[in-house]
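A short reminder: the numbers here are calculations on the coordinates, not readings from a lab. Please read these numbers as outputs of a predicted model, since none were measured by experiment. Reconstructed Cβ throughout: ideal geometry from the backbone, glycine too, with neighbour counts over all protein chains shown.
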Amino acid sequence: MTVKGKQEVMRPILMAVTGASGAIYSLKFVELMYELGQDVHVVFSHTGLEVCRLELGEEGVERIKSFCTVVYDVSRFDVAPASGSSRWHSMVVLPCTMGTLGAIANGVSMNLIHRCADCFLKEQRSVVAVVRETPLNRIHLKNLLAFCEAGGTVFPAMPAFYSHPSSLEEMAVFFVGRLAEFLGFEVKDLPVWRGNS
């Protein structure tokens, strides 16, 4: 967020949705950002869209889009977030496949998601990859390290249980709340571990 004169200017977040399982995280994240008044733009990979439809149905996909200001075509490279001159808060790849992570880590821009991440990293903007894969092989580990060395943050989709979630939705809400706080937002009523006393 920047302040220009008396007018507060909110820089948008770019959310990329790729083909890993975990579409519920994408949905809960944009819902939370909407509640916080944060502008979000979204780009789906082709498999990301397929997985969203599989896990959330067409209604869920449309719900994600409804909370976003702009939906980009993954095959286009002539849009704002693909340029370093655009102003952005951060980029979140949520969820992030290891294929996407590998392309980003090695500077290979085969689609808009890869190009945007490359652009954000070169401009030293925040890029957070919510990776979801298990087990991890040696190639994954090398790419994760390369991504971190390039300035990215690996934020694995690992749910917490100390908040005693009663449903999958509660686990997802808690996780995206932690992600939002990492990005600098204040999330009210988010459970905080205060010790076992």
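The table below lists the values:
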| item | result |
| --- | --- |
| Rounded to 5, the percent of DSSP beta bridges in region 1-105 classed as antiparallel | 20 percent |
| For Val92, net neighbour charge (Lys/Arg +1, Asp/Glu -1) across residues whose Cβ lies under 15 Å away | +2 |
| Protection proxy ranking, peptides 72-83, 97-108, average beta carbon neighbours within 10 Å, highest first | 97-108, 72-83 |
| Global form of the chain, assessed from the alpha-carbon gyration tensor, a/c cut-off 1.5 | rounded |
| Total charge dipole magnitude, region 71-141, about the Cα centre, Cβ charges on Lys, Arg, Asp, Glu only, Debye to nearest 20 | 120 debye |
| Packing-based ranking, highest mean first, of 176-189, 157-170, 109-122 given that Cβ atoms within 10 Å are counted | 109-122, 176-189, 157-170 |
| Taking region 120-182 and dividing mean pair separation by its residue count, relative contact order in percent (alpha carbons under 8 Å, at least six apart) | 32 percent |
| Mean Cβ count within 10 Å, highest first, over the residues of peptides 146-152, 13-19, 86-92 | 13-19, 86-92, 146-152 |
| Contact order normalised by residue count of the chain, Cα under 8 Å, 6+ apart, percent | 21 percent |
